[in-house]
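The values are calculated or read from the model by the stated rules, or taken from the named source; none is laboratory data. Source: prediction; values computed, not measured. Backbone-built Cβ (ideal geometry, glycine too); neighbour counts: all protein chains shown.
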Amino acid sequence: MSRPTLKALNMKFSEFTNVGFRIGKILTAIPLSKARKPAYKLQVDFGELGKKVSSAQLPANYTVDEVVGKTVIGVVNLPPRRVAGVKSEALIVGFPDSKDNVLLLNTRFQNPPIGSQLAEYGQQADEITYEDFQKADIRSATVLSVETLEENKNSFYIKLDVGEYGEKFAFLSDIDVETADSLVGSQVATLLNLDPEDISDKRYELDYIIKILQGKYHVFMEVGSAKSVKAFYIIQANCKYYGIDINPRMIQEARQNFLEKNIFDKAKVESMSFFDLDLSFKAFNPNEKVLIFLPFNLFGNLGDPKKSLEKLIKLSQDFIVSYYKINQTSYLARKEYYTNCGLYSLNYMEEDHQAKFTSSRGFCSITYSPEYIESIINKLVKELKVPYKLEIEHDSFNCIGM
């Protein structure tokens, strides 16, 4: 992987899925006499994609016998490039060592089918450019610790040391505990510049929302909408999008985003506080069913939970409140998130029904237990004499304890 000299721009997950990573097996390796730096001409079997020729600067770290038969990872949808007289049809992935010689990225002790794609995504583009591939800031990292998520025993919270980039956290799923534990101390490839809106919790949250919306609601209204990045996906699900936020810069960026994506006719955002919201707001058309959404622990930042829930109930619309659970997994995820936002010297406190982060700068973010939230709702239903039945469901993304 190359080493960018400038800070890499964030990359959308949809862009990363365009990169055609495939599992291959090296069949032959022939030294290239014309190469400026010692290299091999390789023939690699990519299963159903067939055999492809590649070249790689491997002789410094691998003999021919060590290379032949080795399982490797290659990018198969880059345009052919001629290197030392060889037409290279695939890029074999590796990292530079201290002398800039290549160390191959491999599959450790696993034996995935030749030609298979990497987990979590499938190749979405027939061909990409080298510039497209170089947008991905992929770095070598050492696994420091692996912690099983309380909600899903086949999902793990991983702490990584990325050298000069510091410690990072990641999630890993769909592997067994023994394999996950074996990663401690090993080096892995990690994508550092994934767009924050595409981190796993946000993607699970969006998928969850889309499934609920389809065929049931006409309007999706997001409270604390920020840049309204969900708008495009909501409209793809055949719903209108309304956002409200109190940050003028965010609202301006959201509207610019609507223009660029040509969705201004179906996506709107207004400057408004949640507590100023009432049924006169234009999203509440009596002929259209609305789903109100409070995203990413916004509920825990609003202050009085009873006042917030009373506002939602009085709006007489279905609503989703997204919040963290109270456990070690969510504690680690919240701490990392707030630290990345520039909040340091955080204090953490757990009580019977809440977990609170505070700082000396006045920051305060609380998450509540679902039982506590439900108890408040049940009390409000009686106090307000709500004339309709209010059904409550609790769901977990099995990711960061939300």
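The number of residues in segment 134-157 that are of a type in the set (A, V, I, L, M) and at pLDDT below 85 comes to 1. Of all residues assigned to segment 269-288, at least one qualifies as being in contact with a Ser or Thr (Cβ under 7 Å, 6 or more places away or on another chain), surrounded by 13 or more Cβ atoms within 10 Å (Cβ to Cβ) and either over 18 Å from Glu205 (Cα atoms) or not assigned by TED's automatic domain parsing to the domain that holds Gln317 (or both). Only one of the numbered conditions (1) more than 28 Å from Asp207 (Cβ to Cβ); (2) touching a residue at least 24 places away in the same chain (Cβ under 8 Å) is violated by Tyr348, and that is (2).
The listed residues are Pro305, Pro295, and the only one of them that is in contact (Cβ under 8 Å) with a residue 60 or more places away in the chain, surrounded by 14 or more Cβ atoms within 10 Å (Cβ to Cβ) and in contact with a Ser or Thr (Cβ under 7 Å, 6 or more places away or on another chain) turns out to be Pro295. Residue selection: Val72 satisfies the criterion of being within 22 Å of Asp100 (Cα to Cα) and among the aliphatic types (A, V, I, L, M). With the condition kept exactly as written, say whether any residue in segment 139-147 is in contact with a helix residue (DSSP H, G or I) (Cβ under 8 Å, 6 or more places away or on another chain), at negative phi and of a type in the set (Lys, Arg). Yes; the residues of segment 139-147 include at least one that is in contact with a helix residue (DSSP H, G or I) (Cβ under 8 Å, 6 or more places away or on another chain), at negative phi and of a type in the set (Lys, Arg). Take the conditions in contact (Cβ under 8 Å) with a residue 60 or more places away in the chain and either among the small types (Gly, Ala, Ser) or outside the structural domain of Glu310 (by TED's automatic domain parsing) (or both) and apply them to Gly224. Does it pass? Against the criterion (in contact (Cβ under 8 Å) with a residue 60 or more places away in the chain and either among the small types (Gly, Ala, Ser) or outside the structural domain of Glu310 (by TED's automatic domain parsing) (or both)), Gly224 qualifies. On the stretch given as segment 326-347, residues that are outside any helix (DSSP H, G or I) and buried (at least 19 other Cβ atoms within 10 Å of the Cβ) total 1.
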